[in-house]
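First the structure, in the form of structure tokens, and then the observations on it.
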Amino acid sequence: MRILALRLHNIASLSGPHTIDFTEHPLDNAGLFAITGPTGAGKSTLLDALCLALYGSTPRLRTAPGRDSVSPDVGEETLTTADARTLLRRGESSGYAEVDFRGRDGGHYRACWRVRRARHKADGKLQGVEQSLMSLPDQKVITSQKREFDRLLPQHLGLSFEQFTRAVLLAQSEFSAFLKADDNQRSELLEKLTDTDIYSRLSIAAFQRTRARERDVAELEAQLGHQAPADPETRATLEHRAAETLAQLQQLQTRQQALKREQAWHATDEQLESHWHSACKAHEQALNERHAQAGQRQWLSRLDALAPARHLFQQHETLTEALKSLDSRLGTTQEHLAAANRQRDEVIEQHEAHRSHLETRRQHYRQQQPLMEQCALDEQRYRDLLQRARHTEQQLEEQRQALSNQETALATCRQKEQQQRCSLEAVDTRLQALTDGAESFTQWREATQNRLDQFRHKRQALDDLGHAHDHWHQLEQRIQALDARQSADQKTLEALREEGTRTRTSLDQQRTTLEQLEKSIASLRAARSDSVPAMREGLEPGSPCPVCGSHDHPYADHPPPQPAHAMLLATEREEQRQLEEARQTRDTLDQRCAELRGRYSELNSHLTQRHAELETLTAQRGEARYRLDACRESEALLSVAPESRSTWLETRQARITEHHDREAERLACFDRDYRTRAPLQEQLHTLEVEATRLEAGVAPVRAQISTLEETHAPLVSERDRLGGALETQLGHYSDVGAWREALDRDIETCEQQLASTQKQLASCDEQCRKRQQEHLQLQQQREDQGLARDNLSQDMAQWREAHPDIDDDTLTALLAWTPEQHQKLTQDMAATDQRLNEAHLLGQERLEVLLRHRQHYGEHAVQVDATVPSQNDTRTLKAWRNERLTALAHHQASLETHLPQAQSARDEADHALRHDDHCRDRAREIEQALAQHRREVTRWGRISGLIGASDGKKFRRIAQGWNLERLIEHANIHLESLARRYRLARGGSELGLLVIDTEMGDERRSVHSLSGGETFLVSLALALALASMASNQLTIETLFIDEGFGSLDPQSLSQAMDALDALQSLGRRVGVISHVQDMHERIPVQIRVAPRGNGQSDISLS
């Protein structure tokens, strides 16, 4: 992962667009660069913009309060303090942050974060954030949706937000707190820095899962106690009761089914008999309907007889009507033919008149032709004269306008020349006043510039003097402070040495006392043991006692009585108390000795380090005093009282600055006027040349105008004479062309009239021919249709002779019937015949079905030998059916009383049996589940025993211990280049850290004994170690380190810079944010953030 470019616009104090391109000079080859600027200028804003573009948030915003803390926006709008949109600069309508980077797959991408206000106005409401990700260089948009951006960005970059802030933005300050924290605080910081909170969740989950499985087992055991099945004897009784009640229920159900079967037979029989009677009634109705249609059937027979000859009568009537129409059309055609002949005669007369008029107009045109040709020649000469006169007049106007323009330009040029001359004289007057009448402007400027350089050198010398004095004074104060601390620590060391000697003497005395007390108590206990009588028997006169060493043995012959058991126990307790007190006193003294040794060693180490620091500071003070003495006016400064030296320097600086500013202002005024003088001289010379040129060009123009005026007068006179002659000859015509066109139009009009009459004559001939042809066709149709009507009349007479029973009225009525009416009547008669046949067949079929149904009565009757009465006696059959239905209803009512009782008894027995089956199945399921849950409890109990805890501490400490080991391994690698003297190791507590001092024989001591600079170096090593851990799966080529170098002495700072150089030699680009001037001098490539007022800053590269 490598950062390629950063672009931002209106983010916090960085207003306007800014671009930092790491692929261009000088950043492309700079492995180490610094981000410099005063506090509050916006250095950290660059890192905020980097995080905004990639993740839409910053580390500072992640720790800000949420909804409960708001800040005002425009109008009445508010924003939460954790809202990233608060980074948009106030008073701006939009802003953005863009980052180009190389991802984990080697491709180049661009991530963009944008925010704007409504209507792009500064007082508009803030809109939602827009985020997009695109590939480079094709700029293809991968996504512009926020949720998809949050998912895809870590995939392409290779780092989540937390990993990015740990591996790229090194949190050195957090590791400073990490070093000095106790186990609980270090555990929290380690969890935050290494993102190992998952182990706490796993530990809690294992503990909770175990407790949940144990509760499940307890619940299943309780359920098993409530699901006890019946014993074998009770089970057999339940099964016998169920079988007995089932047999009784089935017997009643069989009887009920037989009753229902016979009832269904009677219902079907009654229904079939009803259907048979309905069919008989339908047959009778069909017969009556056929008898009622006798008259219609006779009329239908006549219609059938007329049907073959109906078309003859219809055609005869149609031909009669057609002949009447033809007679009318023949009369009309005769009239049209006569009118067409009359119109033809009139058109012939018009044609002869138009031909005569055309010959007359042609003769007039031939007479006017010579006169028109002469007028055409005169007209052409007039146009030539008119054109020449206009051209001459136009040239005159152009020359007069040119003369006017040149005279105006000449006057303007003279006016500008006078103005430039006045301006030049004013500039010369100001320059003379500024230079005090110096003979040479160049010499005066060189002298003034030399004075300014002298003032600058004096001011620089005073600045150097002030810096040298401040540096020497600071070193003097530090040396005095170190001397005071060294004296105090020396006294403390002497006091510790004396106290240590006293404590060691007391410890030796206490150890001697404890040994004597233990020997004495052992001897006393031995004297009270069971071997005392034997020892007394072994005593010899004159020999020492093995217990007390006495030569006198008074109890050898007369021993004392045995003491009571209670007294022995009290004695032993007292002896034990004395031993415990002695041992406790010894342990307390031993611990105090250890503490004094540790404090003595630590204080001695501090004295040694401070002594080396004093030597270094003394050398630096001598060098600083040498630089101070080398400065001019150092003696004058040192002769002033120390408390007044700053005032003395400020007074001298102010005086020199005042003289410098006064001279600089005079020189600026001189340069401004002097730069104005040369252009004024050049412009004045240009204007003089231009005026001379304009004066020389006026005379030729005036001569040209006189020549044109002499030529123009004769042309105008000849033009006017020829124009009057043409006007007389043409008369009311505008020109010869109009005259000729008028004559041509007359001839053309006559020719058009003649052609029109010719067309009308042809049209009249065609019309007469068409009328004659139409008349002949109508006559032929009249003859043909008359002959056809005569033939039809003969056929109609033959049909009337064949049907004498149909008179004229009847024939007329029959012809009035349409074929559709005839067809409908035929269909109605056929439908009546069909209904009659269908009713007859249906009655026979239903009678057969009824008889077959009654033949099978014995199969459905309750009584086996039951029979149906004779079919012929309908009344007896109906009474028999009613009697049987009443008996069946009585039996049914009796069954409905006993059947629910039997069903209830059967349900109770079956329910008891099924309940016992359910209890058995449920008990079996619970036992299987209980066995499974017990296995789960065993498995999760083992896991919980290893890592489980209600607060997640157990597994977290294991994982954090492992992570701490890895962190220490990586940190020790970086410490080899940062601080070779020290190594880190675990110790003191579960998550404790100790420092191994290789210069003190690998002595292990507390991290609290490190100085401020040493603490920073160790913290930097830990931060770099975390970056190495985070980049295990990904090569991170860009790092940023924010602040912390100010606490380092020159040697430690040099070591830190060497370590950073080593990082860049490994292919990493390292950016350092720091105020330390020495680092700025060692890092040539710098991104400078400089404030320019009003809360705005600029970015520049150097």
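Worth a mention:
For every residue, the table says whether it meets (1) over 15 Å from E317 (Cα atoms); (2) loosely packed, with under 12 Cβ neighbours inside 10 Å; (3) among the aliphatic types (A, V, I, L, M).
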| site | (1), (2), (3) |
| --- | --- |
| L776 | yes, yes, yes |
| D790 | no, yes, no |
| D805 | yes, yes, no |
| H822 | yes, no, no |
| L836 | yes, no, yes |
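- Just one residue in the set L330, L371, L306, L410 is aliphatic (A, V, I, L, M), under 30 Å from A696 (Cα atoms) and out of contact with any Lys or Arg (no Cβ under 6 Å at 6 or more places or on another chain); that residue is L410.
- Close contacts from the range 585-596, counting a first residue that is touching a residue at least 40 places away in the same chain (Cβ under 8 Å) and under 18 Å from T512 (Cβ atoms) and a second that is among the small types (G, A, S) and in a helix (DSSP H, G or I), with Cβ to Cβ under 8 Å and a gap of 6+ residues or different chains, come to L589/S506; C593/G500.
Residue by residue, here is whether (1) outside the structural domain of F33 (by TED's automatic domain parsing); (2) outside any helix (DSSP H, G or I); (3) modelled with pLDDT under 75; (4) surrounded by 13 or more Cβ atoms within 10 Å (Cβ to Cβ) holds:
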{"position": "A985", "(1), (2), (3), (4)": "yes, yes, no, yes"}
{"position": "V1018", "(1), (2), (3), (4)": "yes, no, no, yes"}
{"position": "A1025", "(1), (2), (3), (4)": "yes, no, no, yes"}
{"position": "Q1033", "(1), (2), (3), (4)": "yes, yes, yes, no"}
{"position": "I1041", "(1), (2), (3), (4)": "yes, yes, no, yes"}
{"position": "Q1055", "(1), (2), (3), (4)": "yes, no, yes, yes"}
{"position": "A1062", "(1), (2), (3), (4)": "yes, no, yes, yes"}
{"position": "I1087", "(1), (2), (3), (4)": "yes, yes, no, yes"}
{"position": "R1092", "(1), (2), (3), (4)": "yes, yes, no, no"}
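- Criterion: under 15 Å from H311 (Cα atoms) and either part of a helix (DSSP H, G or I) or in contact with a helix residue (DSSP H, G or I) (Cβ under 9 Å, 6 or more places away or on another chain) (or both) - qualifying residue of L761, L776, L815: L815
- Within the range 284-303, being surrounded by 15 or more Cβ atoms within 10 Å (Cβ to Cβ) and either closer than 25 Å to A802 by Cβ or within 60 Å of the chain's Cα centre (by Cα) (or both) holds for W299, L300, R302, L303.
- Taking the numbered list (1) loosely packed, with under 10 Cβ neighbours inside 10 Å; (2) closer than 30 Å to M796 by Cα in turn, L306 passes all entries but (1).
- Options W444, W472: the member that is of a type in the set (F, W, Y), closer than 24 Å to R645 by Cβ and surrounded by 12 or more Cβ atoms within 10 Å (Cβ to Cβ): W472
Rundown of residues vs (1) assigned to a helix (DSSP H, G or I); (2) at pLDDT 75 or above; (3) of a type in the set (G, A, S); (4) more than 30 Å from R782 (Cα to Cα), yes/no style:
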{"site": "A286", "(1), (2), (3), (4)": "yes, yes, yes, yes"}
{"site": "E289", "(1), (2), (3), (4)": "yes, yes, no, yes"}
{"site": "G295", "(1), (2), (3), (4)": "yes, yes, yes, yes"}
{"site": "W299", "(1), (2), (3), (4)": "yes, yes, no, yes"}
{"site": "A307", "(1), (2), (3), (4)": "yes, yes, yes, no"}
{"site": "H316", "(1), (2), (3), (4)": "yes, yes, no, no"}
{"site": "T320", "(1), (2), (3), (4)": "yes, yes, no, no"}
{"site": "L323", "(1), (2), (3), (4)": "yes, yes, no, no"}
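- So G31, is it more than 22 Å from the chain's Cα centre (by Cα), surrounded by 15 or more Cβ atoms within 10 Å (Cβ to Cβ), modelled with pLDDT under 85 and within 22 Å of T165 (Cα to Cα): yes
- Taking the range 628-642 as the range and being surrounded by fewer than 17 Cβ atoms within 10 Å (Cβ to Cβ), in a helix (DSSP H, G or I) and of a type outside the set (S, T, N, Q) as the test, the residues that pass are D629, A630, E635, A636, L638, P642.
- Residue within the range 132-142 that is closer than 30 Å to L1026 by Cβ, in the same structural domain as R89 (by TED's automatic domain parsing) and either among the charged types (D, E, K, R) or out of contact with any Leu (no Cβ under 9 Å at 6 or more places or on another chain) (or both) present: no
- Qualifying residue in the range 417-433 (condition: farther than 30 Å from Y674 by Cα and out of contact with any His (no Cβ under 8 Å at 6 or more places or on another chain)): no
- Exclusive hit being modelled with pLDDT of 85 or more and either of a type in the set (S, T, N, Q) or within 20 Å of L637 (Cβ to Cβ) (or both), set S440, S487: S487
- Meets criteria (in the same structural domain as D917 (by TED's automatic domain parsing), over 30 Å from D833 (Cβ atoms), modelled with pLDDT of 80 or more and touching a His at 6+ places or on another chain (Cβ under 9 Å)) for A264: yes
- Qualifying positions in the range 452-469 - basic (K, R) and either modelled with pLDDT of 80 or more or surrounded by fewer than 16 Cβ atoms within 10 Å (Cβ to Cβ) (or both): R456, K458
- A count restricted to the range 822-852 and to residues that are over 27 Å from H277 (Cβ atoms) and among the aliphatic types (A, V, I, L, M) stands at 3.
- The condition of being more than 21 Å from C280 (Cβ to Cβ), among the hydrophobic types (A, V, I, L, M, F, W, C), over 60 Å from the mean Cα position of the chain (by Cα) and modelled with pLDDT under 75 does not hold for V868.
- Out of G1067, G1046, G1013, one residue alone is part of a loop (DSSP other than H, G, I, E, B), under 26 Å from R980 (Cβ atoms), of a type outside the set (S, T, N, Q) and at pLDDT below 75. It is G1067.
- Some residue of the range 138-149 being part of a strand (DSSP E or B), modelled with pLDDT of 80 or more, of a type in the set (A, V, I, L, M) and surrounded by fewer than 20 Cβ atoms within 10 Å (Cβ to Cβ): yes
- Sole residue being outside the structural domain of T45 (by TED's automatic domain parsing), of a type outside the set (G, A, S) and modelled with pLDDT of 80 or more, chosen from E174, E221, E188, E214: E214
- Subset of the range 42-88 (residues that are of a type in the set (D, E) and in a loop (DSSP other than H, G, I, E, B)): D68, D73, E76, E77, D83
The values are calculated or read from the model by the stated rules, or taken from the named source; none is laboratory data. Every value quoted in this text rests on a predicted model; they were computed, and no experiment measured them. As a convention, Cβ positions derive from the backbone with ideal geometry for all residues, glycine included, and neighbour counts pool all protein chains shown.
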